[in-house]
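Worksheet: the structure to be examined is printed underneath.
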Amino acid sequence: MKLFLIVMALFVIASLWVARAARAGELPQAGQPAPNFQLPDQNGKMHALQDFTGKWLVLYFYPKDDTPGCTQEACSFRDDLNQLTEMGAAVVGISVDDSDSHAEFAKKYHLPFPLLADKNGAVADSYGALMNLGIMKLARRFTFLIDPQGKVSKVYLSVETSRHSKDIIADLKVLSAAGK
């Protein structure tokens, strides 16, 4: 019984530590200005939020290059990119992987949009998307639809990777029709 209590106490302490470590920055809400960023893509080119002024921006955070869910999500955006572009939207992915990893991922799946390297997780944190587990950092699978004026229009915290780009297209149609 004593051993059980000790194990349970250690489990509670470890759980509290992981929960504290996993907390991210404050999540931007619809109507608020999107947090600024300036990060290199898979080719070393720098991109900043202001580069997308005047168009919609689909800013999606994802955990890891070349993993099943991340690949499915990225390929869906790739497959729907023409439709998104016709609607006046750009797509940008961000993870804590480095530019070399992004370059391999983009080449392997023919991804024609920027994948930004947020190696220290600061941008993911500014969007409330950083999961910091102490020895490892990952971006949560969150997406922010940012309007042409740089304000957050919609936040996606629960994403179905196989249809996420279709959901964004549907929402863009509604937002564009409403003039938002």
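Look through Ile135, Ile169 and report the one residue that is under 24 Å from Pro68 (Cβ atoms) and at pLDDT below 95.
On the way: Ile169 fails: at pLDDT below 95.
Selected residue: Ile135, the only one of Ile135, Ile169 that is under 24 Å from Pro68 (Cβ atoms) and at pLDDT below 95.
In this structure, is Glu104 under 17 Å from Arg78 (Cα atoms), outside any helix (DSSP H, G or I) and out of contact with any Gly (no Cβ under 6 Å at 6 or more places or on another chain)?
no
Within the group Pro35, Pro40, which residue is touching a strand residue (DSSP E or B) at 6+ places or on another chain (Cβ under 7 Å), modelled with pLDDT of 95 or more and within 24 Å of Met131 (Cα to Cα)?
Pro40
I'd like to check something: does region 76-89 contain any residue that is under 18 Å from Pro28 (Cα atoms), assigned to a helix (DSSP H, G or I) and not β-branched (Val, Ile, Thr)?
Within region 76-89, not a single residue is under 18 Å from Pro28 (Cα atoms), assigned to a helix (DSSP H, G or I) and not β-branched (Val, Ile, Thr).
Within region 144-177, can you find the residues that are closer than 18 Å to Gln50 by Cα and either part of a helix (DSSP H, G or I) or among the polar types (S, T, N, Q) (or both)?
Residues satisfying the conditions are Gln149, Ser153.
Name the single residue that is farthest from Gly128 (Cα to Cα) among those in region 142-180 being buried (at least 16 other Cβ atoms within 10 Å of the Cβ) and of a type in the set (Ser, Thr, Tyr).
Ser165
For region 43-67, how many residues are aromatic (Phe, Trp, Tyr) and either within 21 Å of Met131 (Cβ to Cβ) or part of a loop (DSSP other than H, G, I, E, B) (or both)?
3
The values are calculated or read from the model by the stated rules, or taken from the named source; none is laboratory data. Every value quoted in this text rests on a predicted model; they were computed, and no experiment measured them. Here Cβ is always computed from backbone atoms with ideal geometry, including for glycine, and neighbour counts include all displayed protein chains.
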